[in-house]
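The values are calculated or read from the model by the stated rules, or taken from the named source; none is laboratory data. Not measured: the values here are computed from a predicted model. Cβ placement follows ideal geometry from the backbone for every residue including glycine, while neighbour counts extend to all protein chains displayed. Remember, those area values only see protein heavy atoms, side chains included, never the ligands or the DNA or RNA. Shrake-Rupley method; radii C 1.70, N 1.55, O 1.52, S 1.80 Å.
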Amino acid sequence: MTESEFWALVTRTSPQQDQTELADALKQKLSLLSNDELRDFDKIFGQQMRRSYSWSVWGAAYVITGCDSEYAFAEFRCFLISLGQEWYDKVVESADELGKLEQWPEKDGYAYPFVDEYDLIAGQLYEERNDDELPYVPSGQATPAGKKFSHKKKQLKANYPLLSAAFPF
């Protein structure tokens, strides 16, 4: 599996695409892959999850939603991956770029940039087929890369001006 093939599989059709529909679509696409392709897909997904495991990206999630748990941050990173390679690369490079995203999936009238267990779909399919788990790949760092973001409004506004304007405190 190439990275281009990976991105073609995970990228949502629109920023507002329903999260359940998105996960179901990925599951349907992945069900057509061989076991080796599922392994390769899972490896690339894990690499992208690790690449976005930074305090600057977490700070963006915090400005948008108040994201304050590892689990929610993993779901947020799944959302970033679902935006596709172009958006993902921009946000990993400069998390405030996410403030330029014009449409967001919503829940109860608020932005809901989370995709539940998107990163687990390949492993679940593999396990259903083989009655065995995909090989474990260490996640790398124990803590996010970079310097931890400040929760102070003044610092958040300075570090995330686009997001702060789009999601006022």
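Given points 7 Å out from each Cα along the Cα-Cβ axis, report the T143 to K29 separation in nanometres with one decimal.
Result for the modelled spin labels: 3.6 nm.
How far is helix 55-65 tilted off the main Cα axis of the chain, in degrees rounded to 10, range 0 to 90?
For helix 55-65, the angle is close to 80 degrees.
Using alpha carbons only, what's the Rg to Rh ratio of the stretch 75-125 with Rh from Kirkwood?
Computed over Cα atoms, the ratio is 1.01.
Dipole magnitude of the chain about its Cα centre, charges +1 at Lys/Arg Cβ and -1 at Asp/Glu Cβ only, in debye to the nearest 20?
Dipole magnitude for the chain comes out near 1160 debye.
At q = 0.27 Å⁻¹, what is the base-10 log of I(q)/I(0) for the stretch 1-79 according to the Debye formula with one equal point scatterer per Cα and no solvent? Please give it to two decimals.
-1.30
Kirkwood hydrodynamic radius, computed over distinct alpha-carbon pairs, for the stretch 45-88: how many Å, to one decimal?
Hydrodynamic radius (Kirkwood, Cα pairs) of the stretch 45-88 is 10.4 Å.
Ignoring any ligand, DNA or RNA, what whole percent of the accessible area of the stretch 1-139 comes from carbon and sulfur when the probe is 1.4 angstrom?
45 percent
Taking Cα atoms, how many degrees apart are the long axis of helix 70-82 and the longest axis of the chain, rounded to 10 and kept between 0 and 90?
The angle comes out at about 80 degrees.
How far is it, in nm, from the label point at D68 to the one at R50 when both lie 7 Å from their Cα along the line to the Cβ?
With each label point 7 Å from Cα toward Cβ, the separation is 3.0 nm.
For the stretch 25-169, report the translational diffusion coefficient in µm²/s to the nearest whole number, using Stokes-Einstein at 10 °C, 1.306 mPa s, and a Kirkwood Rh over Cα pairs.
98 µm²/s
Dipole of the stretch 1-68 (Lys/Arg Cβ +1, Asp/Glu Cβ -1, origin at the Cα centre): which of L32, G66, L22 lies farthest to the positive side?
The one lying farthest along the dipole's positive direction is G66.
Express the accessible area of the stretch 81-146 per residue in Å², computed with a 1.4 Å probe while the remaining protein chains stay in the model.
61 Å²
Rounding to the nearest 10 and keeping the result within 0 to 90°, find how far the Cα-based axis of helix 121-130 lies from the longest principal axis of the chain.
Taking the Cα atoms of the chain, the angle to 121-130 is about 20 degrees.
Restricting to Cα pairs below 8 Å that are 6+ residues apart, what does the relative contact order work out to for the chain? Please round to a whole percent.
Relative contact order of the chain: 33 percent.
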